[in-house]
Amino acid sequence: HALGTERLLVDGLHNTVDAWIVRKDKSLTVLLTNYALPLHPIDTQHVSIVLENAPEPRAGFVERIDSTHANPKQTWLDMGQPGYLNAMDVTRLEDASSLRKESHPWRHEKGMTYLDIAMPPQAVSAITLEFGAKQ
């Protein structure tokens, strides 16, 4: 429910990318995944989103899970795969697993909001737009 409770219609199909749009009081989140089963082909996908009849956002940010974001396994590998962790190691891994809000650009013209994002293989991204009033 952190995303919201009102799912909006998404039009468009892709072999590996799935999209959901969920509205909450004064925000809207576009949740994207780029996923394929093991041994199935997958590449980075460039996703373009058009929100019709949308007011102009006042802010936008993205939270990601991919090979370079919220990836404690890679940090653990970089640490030499320790079998036993000290307190500093645990803190480092907890920090590496955290989602980070990063500013994300958008373009708004004539009631349409445009978003673009590159989705690496096996990635999850949540783009949140904040509005001044309930949408």
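The values are calculated or read from the model by the stated rules, or taken from the named source; none is laboratory data. All values derive from a computational prediction rather than experimental measurement. Glycine gets a Cβ as well: all are built from the backbone with ideal geometry, and neighbour counts include every protein chain shown. Ligands, DNA and RNA are excluded from the accessible area calculation, which covers all protein heavy atoms including side chains. Shrake-Rupley method; radii C 1.70, N 1.55, O 1.52, S 1.80 Å.
Quick notes on this structure:
- Residue within region 32-52 that is closer than 19 Å to Ile117 by Cα and over 19 Å from the mean Cα position of the chain (by Cα) present: yes
- Within region 29-40, the set of residues being hydroxyl-bearing (Ser, Thr, Tyr) and open to solvent by less than 40 Å² (accessible area, probe 1.4 Å) comprises Thr29, Thr33.
- Candidates Pro72, Pro57, Pro105, filtered to the one that is exposed (fewer than 13 other Cβ atoms within 10 Å of the Cβ) and of a type outside the set (Phe, Trp, Tyr): Pro105
- Among the residues of region 3-15, those that are aliphatic (A, V, I, L, M) and open to solvent by less than 90 Å² (accessible area, probe 1.4 Å) comprise Leu3, Leu8, Val10.
- Inspection of region 126-133 identifies no residue that is assigned to a loop (DSSP other than H, G, I, E, B), open to solvent by less than 70 Å² (accessible area, probe 1.4 Å) and at pLDDT 95 or above.
- Put simply, of Asp43, Asp18, Asp25 the only residue that is among the acidic types (Asp, Glu), open to solvent by 70 Å² or more (accessible area, probe 1.4 Å), out of contact with any Pro (no Cβ under 6 Å at 6 or more places or on another chain) and without any contact (Cβ under 8 Å) to a residue 60 or more places away in the chain is Asp18.
- Looking at Arg100, Arg64, Arg92, just one residue is among the basic types (Lys, Arg), outside any helix (DSSP H, G or I) and open to solvent by 80 Å² or more (accessible area, probe 1.4 Å), and that residue is Arg100.
- Scan region 68-89 for residues that are over 25 Å from the mean Cα position of the chain (by Cα) and assigned to a helix (DSSP H, G or I) and the total you get is 3.
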